[in-house]
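Everything below concerns the one structure shown next.
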Amino acid sequence: MDQNTPSTEKKNRSSTGLLLLVVLLLVSNVVMLWMLMQRNKEVEQTQQQVAAVTSEKDNVTVMLENMLASYDTLKTDNEQLTVEMEAQRQQIEGLLEQVKRGNYSLAKVKKEAETLRKIMKGYVATIDSLNQANQQLQAQNVTITQELGEVKGQKDALTTEKAALEGKIAKGAILHTTTINAGALFMRNNGKQVDTDRAKKAEMVKCCFTLGQNSITDAGDKVLYMRVISPDGSVLPASDPNNRFQFNGVEGEFSAKREVNYQNQPVDACIFWNGTGEMRTGQYIVEIYESGAKVSESKFELK
């Protein structure tokens, strides 16, 4: 019995050592398994964080790109707004470039993007208000144009009526004769004027008339012009070399003239032409003019 004791003790020590080794291995495996599980959990958390950051980055990118697209649709004729919107657009493009490069603080970029979006919404509201105001102004302009057209039509009608009235007044202001008589004369040795119908004896042409009452024309001195048209159509010349005047819109010669003081009441007057040579036979026409308009006309014949 005593001889086997050392061998048994040795055997027992070996078993104990093996058992300790097994226990250490188990503990080591448990520790390794726990560490592996923790590592996997950290990897999963990291992946979730990366996914969240990537998603947030994509959201910010999409928001910035949508804002740029919205600015492309904003149109206005207001120069100040155009300059401001272009500055905001450039700022958005700068943020978008930082996001794509990864050189950014995502939270800061997102905050700035939100601020820029609010500013853009303000531009949208302002442009919409301006467009509505412009439409109202256009509608008002159409109305005003129509009203101006109506006013112009009324003005044109009044102008036409005024012109017609002025024409009537101007026509009414022309002097007229109530009586007129013209003929040829010759002078006797005693200075007496004698009527004649003989061309060989005729030395003068006399035209007497009565200017009728006219309350429309201006009172005052009136210059009366006499034109004596001979049978051959020529105007008997005046002794005054400056014998041209305006009548009926043209310029022509007069045979004689005189000034009469007219006070809107009937007045008698005579105008004489002194002959410069033998007069022709035939019909003579005598015309009286005042202020360029014909006052009256008479005719006589010489044999």
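Might you let me know whether the range 97-116 holds any residue that is at pLDDT 75 or above and over 20 Å from Lys57 (Cα atoms)? The answer is no; no qualifying residue exists.
Just a yes or no: is a residue in the range 252-270 part of a strand (DSSP E or B), touching a Gly at 6+ places or on another chain (Cβ under 6 Å) and within 19 Å of Leu175 (Cα to Cα)? No, the range 252-270 has no match at all.
When residues in the range 282-293 are screened for being surrounded by fewer than 16 Cβ atoms within 10 Å (Cβ to Cβ) and either not in a strand (DSSP E or B) or not polar (S, T, N, Q) (or both), 3 of them pass. Being surrounded by fewer than 15 Cβ atoms within 10 Å (Cβ to Cβ) and over 59 Å from the mean Cα position of the chain (by Cα) is a condition met by no residue of the range 213-227. Candidates are the residues of the range 238-266 that are at pLDDT below 90 and surrounded by fewer than 18 Cβ atoms within 10 Å (Cβ to Cβ); the one that is nearest to Glu278 (Cα to Cα) is Ser239.
Considering only the range 231-245, how many residues are touching a strand residue (DSSP E or B) at 6+ places or on another chain (Cβ under 6 Å) and either polar (S, T, N, Q) or in a loop (DSSP other than H, G, I, E, B) (or both)? It would help to see each step written out before you state the result.
Going residue by residue through the range 231-245, those that are touching a strand residue (DSSP E or B) at 6+ places or on another chain (Cβ under 6 Å) are 231, 235-236, 238, 243-245.
Right, trim to either polar (S, T, N, Q) or in a loop (DSSP other than H, G, I, E, B) (or both) and you get 231, 236, 238, 243.
Going through the range 231-245 one residue at a time, the tally reaches 4.
Is one or more of the residues making up the range 238-252 farther than 24 Å from His176 by Cβ and of a type in the set (D, E, K, R)? Looking through the range 238-252, at least one residue is farther than 24 Å from His176 by Cβ and of a type in the set (D, E, K, R).
Set side by side, the residues Glu301, Glu278 differ, and just one is of a type outside the set (S, T, N, Q) and in a loop (DSSP other than H, G, I, E, B), which is Glu278.
The values are calculated or read from the model by the stated rules, or taken from the named source; none is laboratory data. Owing to the predicted nature of the structure, the values given are computational and were not obtained by experimental measurement. Here the Cβ is made from the backbone with ideal geometry for all residues, glycine too, and neighbour counts use every protein chain on show.
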